[in-house]
Amino acid sequence: MHPTPAEDRPLGQELPDPKEWLDLYGDTMYRFALARLRRPHDAEEAVQEALLAALRARSGFQGRSQPRTWLLGILKNKVQGRLRAEAAERVTAGHDDLDQWFDSRGKWRRPPKRWSDPADEAEWNDFWRVLRRCLSGLPARMAAAFTLRALDEVPAADVCRELGVTAENFWVLLHRARVRLVGCLQANWFGGEAKT
């Protein structure tokens, strides 16, 4: 019999045994890290670092959130730390009119939707694979700016601090990332079948 998933545990309960964490939360944590770090090895390391940090900090868990949420919060910090560490690359030029894709706050105008049937779920997974591949083609700092702001929804001022850039430079990075991602997604996703 499998352990009770974290979502079924009422708030205020203690963490499951650390021996169960990988079975209960490992896949979710890995997908979370891979969507942001883009490289399987880096995602695996981030998950390992997060699990080790959680193991060290487990006595501080107070049950105010689900164990899964607590672990993902620790992982998010590890991922952001990795993104900050590799965000040293300078930006190259790029431009385009992005009004049709993003609003003035940088949110998708027509975001990809979650589907419920298995065939559509596979398509959703294909989209994220294509997006990760598109992100991997961006310079590191540009990818970090987009990931932190658009995927992690980190406030712009915090992203500037984390990347060590001015607000003006941040908005240029974000604009250029969007330009390149739109082109890549148009060629590899929106323009037809997902290319593997």
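Being in a helix (DSSP H, G or I) and modelled with pLDDT under 90 is a property that does not hold for residue 174. Confirm whether residue 96 is farther than 16 Å from residue 177 by Cβ, modelled with pLDDT under 80 and out of contact with any Leu (no Cβ under 6 Å at 6 or more places or on another chain). No. Restricting 31, 36, 56 to residues that are within 30 Å of residue 140 (Cβ to Cβ), out of contact with any helix residue (DSSP H, G or I) (no Cβ under 9 Å at 6 or more places or on another chain), of a type in the set (Lys, Arg) and not assigned by TED's automatic domain parsing to the domain that holds residue 152 narrows the list to 56.
Within region 42-67, the residues that satisfy the criterion of being of a type outside the set (A, V, I, L, M) and within 24 Å of residue 153 (Cα to Cα) are 42, 44, 45, 48, 49, 64, 65, 66, 67.
Scanning region 50-93 for residues that are modelled with pLDDT of 85 or more, over 21 Å from residue 30 (Cβ atoms) and among the hydroxyl-bearing types (Ser, Thr, Tyr) turns up just one, 59.
Quick one: in region 31-73, of everything that is basic (Lys, Arg) and outside any helix (DSSP H, G or I), which residue is surrounded by the most Cβ atoms within 10 Å (Cβ to Cβ)?
The extreme case among them is 38.
The values are calculated or read from the model by the stated rules, or taken from the named source; none is laboratory data. The structure displayed is predicted, hence computed values, not measured ones. Ideal geometry is used to build each Cβ from the backbone, glycine not excepted, and the neighbour counts take in all protein chains shown.
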